[in-house]
1. With GLY100, GLY87, GLY130 as the choices, which residue is under 30 Å from GLY37 (Cα atoms), out of contact with any Gly (no Cβ under 9 Å at 6 or more places or on another chain) and either open to solvent by less than 70 Å² (accessible area, probe 1.4 Å) or assigned to a loop (DSSP other than H, G, I, E, B) (or both)?
2. What do you reckon, is ALA22 open to solvent by 40 Å² or more (accessible area, probe 1.4 Å), under 22 Å from ASP137 (Cα atoms) and in contact with a strand residue (DSSP E or B) (Cβ under 8 Å, 6 or more places away or on another chain)?
3. Does at least one position in segment 139-147 carry a residue that is over 30 Å from GLN13 (Cβ atoms), surrounded by 11 or more Cβ atoms within 10 Å (Cβ to Cβ) and without any contact (Cβ under 8 Å) to a residue 12 or more places away in the chain?
4. Looking at ALA75, ALA65, can you tell me which residue is part of a helix (DSSP H, G or I), without any contact (Cβ under 8 Å) to a residue 40 or more places away in the chain and not charged (D, E, K, R)?
5. Residue under question is ILE108, and the condition is that it be at pLDDT 95 or above and among the β-branched types (Val, Ile, Thr); does it hold?
6. Failed condition for ARG116, given (1) in contact with a strand residue (DSSP E or B) (Cβ under 7 Å, 6 or more places away or on another chain); (2) farther than 24 Å from HIS154 by Cα; (3) not in a strand (DSSP E or B), with all others met?
7. Take the residues in segment 46-70 that are at pLDDT below 95 and of a type in the set (A, V, I, L, M, F, W, C); name whichever of them is surrounded by the most Cβ atoms within 10 Å (Cβ to Cβ).
8. How many of the residues making up segment 11-56 are among the hydroxyl-bearing types (Ser, Thr, Tyr) and closer than 16 Å to ARG70 by Cβ?
Amino acid sequence: MGYAHYEIYRNGQKIEAGYAVAATCEEDGCGNRIDRGLSYLCGKMPGGDEHGCGGYYCENHLSCANQCKRCSDAADKVNTWVHPETGEEFDLRDQFLPAGQSYDARGIVWRHAGQRYGGIPVLEPIYAHGQVAAHGDTRLITDGEWENAAAVRHRQWREDTPLDGMVQS
């Protein structure tokens, strides 16, 4: 089966989809011409899935995570956790480092394991490239202070890069 033209079921209705199927952005009031290819799809699977509604939106109405505004807002709400004592807000889709630790591309970062203990998110160690670390140690997000690993990596990069863009040796 090719991806130029095919049929799917969405919300109980059969529709045509594919990059050769002309369409209009499904955001209310938007008339931008698009196609029903994967690049305009909200979510990961035609027809909808846990990542999106399966609608088709122009680049103005689709986030970088390939979600429409409604699905993106819902994902933000589900993936946001607020520390009850400090009020600090965590995006559980991020990767974390213990506060003050440097980022190492071969090292370990921590991510939400998809589990909670007493309502508190559980973090698991993974290698920065995504493979789960073998030792299987887990921590609660309340066990210490955490920094966003991408922010730490960006800070290190800025410290190592002079204003003219040349990397220091």
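The values are calculated or read from the model by the stated rules, or taken from the named source; none is laboratory data. Just so you know, these numbers come straight off a predicted model, no measurement behind them. Positions of Cβ are backbone-derived with ideal geometry, glycine not excepted, and every protein chain shown enters the neighbour counts. Calculation scope for accessible area: heavy atoms of the full protein, side chains included, ligands and nucleic acids excluded. Shrake-Rupley method; radii C 1.70, N 1.55, O 1.52, S 1.80 Å.
1. Numbers: GLY100 fails: under 30 Å from GLY37 (Cα atoms); GLY87 fails: under 30 Å from GLY37 (Cα atoms).
Exactly one residue qualifies, and that residue is GLY130.
2. Values: open to solvent by 40 Å² or more (accessible area, probe 1.4 Å): yes; under 22 Å from ASP137 (Cα atoms): no; in contact with a strand residue (DSSP E or B) (Cβ under 8 Å, 6 or more places away or on another chain): yes.
It is false that ALA22 is open to solvent by 40 Å² or more (accessible area, probe 1.4 Å), under 22 Å from ASP137 (Cα atoms) and in contact with a strand residue (DSSP E or B) (Cβ under 8 Å, 6 or more places away or on another chain).
3. Residues of segment 139-147 over 30 Å from GLN13 (Cβ atoms): 139-147.
After this cut, where a residue has to be surrounded by 11 or more Cβ atoms within 10 Å (Cβ to Cβ) as well, the list is 139-147.
Going one step further and asking which of them are without any contact (Cβ under 8 Å) to a residue 12 or more places away in the chain, we end up with 143.
Yes, some residue in segment 139-147 is over 30 Å from GLN13 (Cβ atoms), surrounded by 11 or more Cβ atoms within 10 Å (Cβ to Cβ) and without any contact (Cβ under 8 Å) to a residue 12 or more places away in the chain.
4. On the way: ALA65 fails: part of a helix (DSSP H, G or I).
Only one candidate passes the filter, namely ALA75.
5. Details: at pLDDT 95 or above: no; among the β-branched types (Val, Ile, Thr): yes.
Judged against the criteria, ILE108 is not a match.
6. Among (1) in contact with a strand residue (DSSP E or B) (Cβ under 7 Å, 6 or more places away or on another chain); (2) farther than 24 Å from HIS154 by Cα; (3) not in a strand (DSSP E or B), ARG116 violates only (3).
7. ALA65
8. Kept after step one, since they are among the hydroxyl-bearing types (Ser, Thr, Tyr), are these residues of segment 11-56: 19, 24, 39-40, 56.
Add one more test, that the residue is closer than 16 Å to ARG70 by Cβ, and what stays is 40, 56.
The qualifying residues number 2.
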